[in-house]
Structures are given as C-alpha cells and as structure tokens.
Amino acid sequence: MSAIDELIQANERFASGAADAGDLSPLPARKIAVLTCMDARIVPASAFGLEEGDAHVIRNAGGLAKDGLRSLVLSQRLLGTNAIAVVHHTDCGMLTFQNEDVHTKVKEDLGADSSDIDFMPFSDLEQSVRDDVGFLRDSPLIADDSEIRGFVYDLSARRLTEVG
C-alpha cells in the first residue's frame, strides 16, 4: 500500500469517529499564527497545546518568514490573527547545506536547473529566528501592533526557548 493510500485509510478512521468540525469558525480562536518548520518530528498540536480551530499553523522548510509571508498576510488581513510565533528547531536540516549543494543535487538527479531558487539555508539557528522576527516586524505587510515572538524548539527536550 502506498503512503498516500495509508493517509486515505487513516482519514476514513478519523472521519468516522470525529465530531463535526463544520461548526468551527474559519477564524482561529486564539488569533495566533504559528510559523514553523515542516520537519516531521514536530507535531504542532501536541508540542504547542493547540486544539482544532485554535491557530493557523504555517509550515515550510526551516519555518522561514520570507517563505511564509504570503500565508501570514492572509492570516492577519482576512482571518483575524494578531500574534505570530516564529518557531525554528534544533537539528534542522537547513543548517546542513548551501544553495550550491541543492542546485548540484537537482541537476544530478533530475537534469534540471534550479539555480534561480534560493533554498534559504542558514548557519546560525538563533540568528535565523532573530532575522525572521525582524523581517516580520519590519514588513509593511504585517500589522504594526502584532505580537511577534521567536523561539527555538529543542527536539530532544521538546521545549520552547524564547530567542531575544
């Protein structure tokens, strides 16, 4: 069975036992957007105490603000969020490569040219959080009165540490 077929089966089990979510508002109840990494070891609902309908969870490689800006603008302007938690994590793959490494790998594997893509690797975890928080605070597309805070999630300890 393929991985996607497994997802379909799991959804059938979930849907047959789940309460109707149709009554939930599309507006996040806690008015927060969590921007975090796509790393499969992070389960935002469990790690951050979120329930269905509580928050927008925006994920991308590294949990990077430049990559998540489109979703954050929609989250704020159309769906009422007023707080953003930027969450990067220990042992992140984004710390392990340079753009050239990915460009070479894509060329070798697919014969395609990806040189026009910045894969946005970083070399300092806490500085990447600071950079993303600063980017969002400076963005004219994010409301000035937004609460924006940055964190590192320790995969081993499963704890958030705020980055100042």
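With D124, D113 as the choices, which residue is over 15 Å from Y153 (Cβ atoms), at pLDDT 95 or above and open to solvent by 90 Å² or more (accessible area, probe 1.4 Å)?
Checking each option against the conditions leaves just D113.
Could you check S75 against (1) surrounded by 14 or more Cβ atoms within 10 Å (Cβ to Cβ); (2) farther than 30 Å from P26 by Cα; (3) among the small types (G, A, S) and say which number it fails?
So S75 meets the others, but not (2).
Name the residues in segment 25-80 that are among the acidic types (D, E) and either in a helix (DSSP H, G or I) or touching a strand residue (DSSP E or B) at 6+ places or on another chain (Cβ under 9 Å) (or both), would you? Let's see the steps before the verdict.
Quick first cut of segment 25-80, residues among the acidic types (D, E) only: 39, 51-52, 54, 67.
D39, D54, D67 - these are the residues of segment 25-80 that are among the acidic types (D, E) and either in a helix (DSSP H, G or I) or touching a strand residue (DSSP E or B) at 6+ places or on another chain (Cβ under 9 Å) (or both).
I need a count of the residues in segment 38-50 that are touching a residue at least 12 places away in the same chain (Cβ under 8 Å) and either closer than 12 Å to A85 by Cα or open to solvent by 80 Å² or more (accessible area, probe 1.4 Å) (or both).
Residues meeting the conditions: 4.
Go through segment 81-91 and give me each residue that's farther than 15 Å from S128 by Cα and either part of a loop (DSSP other than H, G, I, E, B) or among the polar types (S, T, N, Q) (or both).
T81, N82
Check whether at least one residue in segment 52-65 is farther than 17 Å from F151 by Cα, without any contact (Cβ under 8 Å) to a residue 12 or more places away in the chain and either open to solvent by 50 Å² or more (accessible area, probe 1.4 Å) or within 12 Å of the chain's Cα centre (by Cα) (or both), and report yes or no.
For segment 52-65, residues farther than 17 Å from F151 by Cα, without any contact (Cβ under 8 Å) to a residue 12 or more places away in the chain and either open to solvent by 50 Å² or more (accessible area, probe 1.4 Å) or within 12 Å of the chain's Cα centre (by Cα) (or both): absent.
The values are calculated or read from the model by the stated rules, or taken from the named source; none is laboratory data. Computed from a predicted model, the values in this text were never measured in an experiment. Neighbour counts run over all protein chains shown; Cβ positions are idealised from the backbone, glycine included. Heads up: the accessible areas ignore ligands, DNA and RNA and are worked out on the full protein's heavy atoms, side chains in. Shrake-Rupley method; radii C 1.70, N 1.55, O 1.52, S 1.80 Å.
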